[in-house]
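Comments concern the structure below.
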Amino acid sequence: MQEECGVAGISFKENSNNAAASLYCALFALQHRGQESAGISIYDGTTTRTKKGMGLVPQAFRKNDINELSSAVGIGHVRYSTTGDSSIENAQPLVINYKDGILSLAHNGNLVNSQELRSGLEAEQRIFHSDSDTEVIAQLFIKELSKKDIISSIKEMVRMLVGSYAILMLIGDRVIAFRDPLGIKPLCIGKLEGGYIIASESCAIDVVGGTCIRDVKPGELVILKNGAMEARQLYNSKHSAHCIFEHIYFARADSILDSKLTYQSRIRVGETLYDEHPVNADIAFPVPDSGTTFAIGYAHRSGIQYLEGLIKNRYSGRTFIMPGQNMREAAVRLKLNTIKQNIKGKSVVIVDDSIVRGTTSRRIVDMVRAAGAREVHVRIGSPPIIAPCYLGINMPTRHELIASDKTIRTIEALINADSLRYISLEGLIKSIGIPAEDFCTGCFTGVYPVEIPGEQCTRAQLKITEF
Ligand code: SF4
């Protein structure tokens with residue numbers, strides 16, 4: 001599974017020229033949210049200038065790019081594609097020249113009704129240059145802007161968008177940020193010396209020496225200009241629908257999301273996992289890195305010794321599909337290897353964040369058995385994933401998800417574990433400490449916070465009113 005994007009925007013007082021350098025650092029901190037392309041747009045007092053490139057942040061920018069983008073204000077983006085190809089045309093920020101200026105736009109999320117909106121715009125002779133839903137948002141905004149002011153245009157556009165979005169726009173010397181009325185994607189505000197930063201996660205605020213002051217509220221619009229901030233609530237909804245997977249997997253453990261430090265949430269998930277599913281074992285260890293904090297919580301609560309059993313190769317990156325069973329097993333060993341001395345003859349608990357297709361879990365269990373484990377118990381810090389995500393997480397189809405049509409006992413046998421247990425949804429929500437009705441839990445329940453053709457929807461979260 002992959003998060004699809006990270007965004008950041010900065011405004012300093014006019015006499016600064018540090019926005020691009022700070023954005024570079026912020027995007028570096030958000031790299032886990034997207035590794036396919038990166039880009040920065042700045043306003044230099046006269047015009048908007050943009051640099052984009054494919055790959056990780058250090059690959060996407062040439063040595064002099066950041067110096068050439070000297071400015072007090074700008075936005076940036078790291079991308080992993082969900083809607084649209086992985087190509088430079090789809091890299092963001094997306095830049096569009098319109099009648100009164102230049103719009104630069106960075107989007108994290110996924111529109112469910114992108115195709116429908118695009119067809120409507122194309123029928124009005126609007127020309128698209130990419131296949132991304134971000135361009136649909138930009139074109140809709142420009143269309144509204146020809147009739148109204150910026151705030152009214154955004155307000156009108158939000159009425160039409162169905163899906164998840166945390167958006168940053170650069171229009172002249174203003175950074176304009178808004179979060180969808182359900183707050184599905186994270187977005188937070190930090191104070192800097194002489195300015196403000198808005199970013200997907202607070203870890204991006206930390207790296208530039210800022211202080212996270214609060215989240216952008218669901219349905220809120222925030223404007224940064226000349227190092228000052230102004231906020232306005234556009235829409236209200238009785239409940240939010242924060243993506244619960246951000247808290248347990250996607251966000252960095254040092255990030256504060258929706259006022260919760262993800263590290264602490266994950267420790268508590270590990271503790272609850274033990275309370276719900278204890279086991280007698282000699283050692284507990286994670287599938288690194290995603291299971292690490294859960295395993296610490298599990299070991300802490302149980303008193304079982306925490307001892308590393310698997311080591312991750314930090315340089316393996318994404319493994320491509322290799323033909324043949326032997327080569328596929330080699331591909332897993334490229335990423336992970338066992339510490340045999342820690343495992344041999346022992347009963348072990350392996351803790352991981354989730355099981356998607358089940359194939360990696362099976363290979364890990366086999367690897368641990370081959371290292372001499374006497375018993376292998378698997379504990380998972382999320383409930384079974386039974387349904388896909390339509391809201392911005394790149395996930396396999398329902399058919400490919402192992403838990404979509406199999407019982408836990410069947411999966412336990414398929415991955416060759418002595419026991420397999422998942423945390424309950426109630427236990428997970430209690431561990432994070434946000435009310436159940438303020439989460440999207442679509443991939444665990446098959447019930448989503450927005451209307452998606454062919455899927456069930458939680459009506460309670462749909463109720464959105466103008467502020
Ligand atoms: S369906 Fe799952 S991954 Fe997608 S937004 Fe909802 S909780 Fe997050």
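Looking at the stretch 264-430, send over the antiparallel percent of its DSSP beta bridges, to the nearest 5.
Antiparallel: roughly 15 percent of the beta bridges in the stretch 264-430.
Just need the Rg to Rh number for the chain, please, alpha carbons only, Kirkwood Rh.
So for the chain, dividing Rg by the Kirkwood Rh gives 0.99.
Largest first, what is the accessible-area ranking of 262, 292 with a 1.4 Å probe?
I get 292, 262, largest accessible area first.
Excluding same-chain residues fewer than 8 positions from residue 312, which lysines have a Cα within less than 23 Å of its Cα?
335, 340, 344, 346
Expressed in whole Å with the largest first, what are the equivalent ellipsoid semi-axes of the stretch 68-214 derived from the C-alpha gyration tensor as the square root of 5 times each eigenvalue?
Ellipsoid half-lengths, sorted descending, are 26, 17, 16 Å.
Over the stretch 1-144, average the accessible area per residue using a 1.4 Å probe and give it in Å², no decimals.
About 39 Å² of surface per residue is accessible.
Solvent-accessible area per residue for the stretch 211-273 at a 1.4 Å probe radius, Å²?
Using a 1.4 Å probe on heavy atoms only, each residue of the stretch 211-273 averages 38 Å².
Determine the dipole magnitude for the stretch 2-241: charges of +1 sit on the beta-carbon of Lys and Arg, -1 on that of Asp and Glu, nothing else is charged, the reference point is the Cα centre, and the result goes in debye to the nearest 20.
It works out to roughly 440 debye.
Roughly speaking, what is the stretch gain from residue 410 to residue 63, that is 0.36 nm per residue apart minus the C-alpha to C-alpha distance, in nm to one decimal?
Result for the pair: 119.6 nm of gain on full extension.
If we sort 172-180, 122-130 on the protection proxy, mean other Cβ atoms within 10 Å, highest first, what's the order?
Going by the mean number of other Cβ atoms within 10 Å, highest first, we get 172-180, 122-130.
Can you give me the pair-distance distribution of the stretch 156-284, C-alpha pairs, 10 Å bins, whole percents?
All Cα pairs, binned at 10 Å, distribute as 12, 37, 29, 13, 6, 2, 0 percent.
Can you pull a Stokes-Einstein diffusion coefficient for the stretch 342-467 at 10 °C (1.306 mPa s), Rh from Kirkwood over Cα pairs, as a whole number of µm²/s?
98 µm²/s
Place +1 on the Cβ of every Lys and Arg and -1 on the Cβ of every Asp and Glu in the chain, take the dipole about the Cα centre, and give the residue among 186, 334, 429 whose Cα lies farthest towards its positive end.
Towards the positive end, the residue furthest out is 334.
Can you work out D for the stretch 264-430 in µm² s⁻¹ from Stokes-Einstein, where Rh is the Kirkwood radius over C-alpha pairs, the temperature is 10 °C and the viscosity is 1.306 mPa s?
The Stokes-Einstein estimate is 98 µm²/s.
Kindly state, to the nearest 0.05, the FRET efficiency for residue 400 paired with residue 311, given R0 = 41 Å and r defined as their beta-carbon distance.
So, using R0 = 41 Å, E works out to roughly 0.90.
Show me, for the stretch 239-256, the HN-Hα J-couplings you get by feeding each phi into the Karplus relation (A = 6.51, B = -1.76, C = 1.60, θ = phi - 60°), rounded to Hz, glycine and proline as x.
The phi angles translate into 10, 8, 8, 4, 5, 5, 5, 4, 6, 9, 9, 6, 5, 5, 5, 8, 8, 9 Hz.
Once neighbouring chains are kept in place and the probe is 1.4 Å, which whole percent of the accessible area of the chain is contributed by carbon and sulfur?
50 percent
The values are calculated or read from the model by the stated rules, or taken from the named source; none is laboratory data. Because the structure is predicted, anything quoted here is derived from the model rather than measured. When we count neighbours, we look across all protein chains shown, and the Cβ atoms used for this are built from the backbone with ideal geometry, even at glycine. Accessible surface areas use protein heavy atoms only, side chains included; no ligands, DNA or RNA. Shrake-Rupley method; radii C 1.70, N 1.55, O 1.52, S 1.80 Å.
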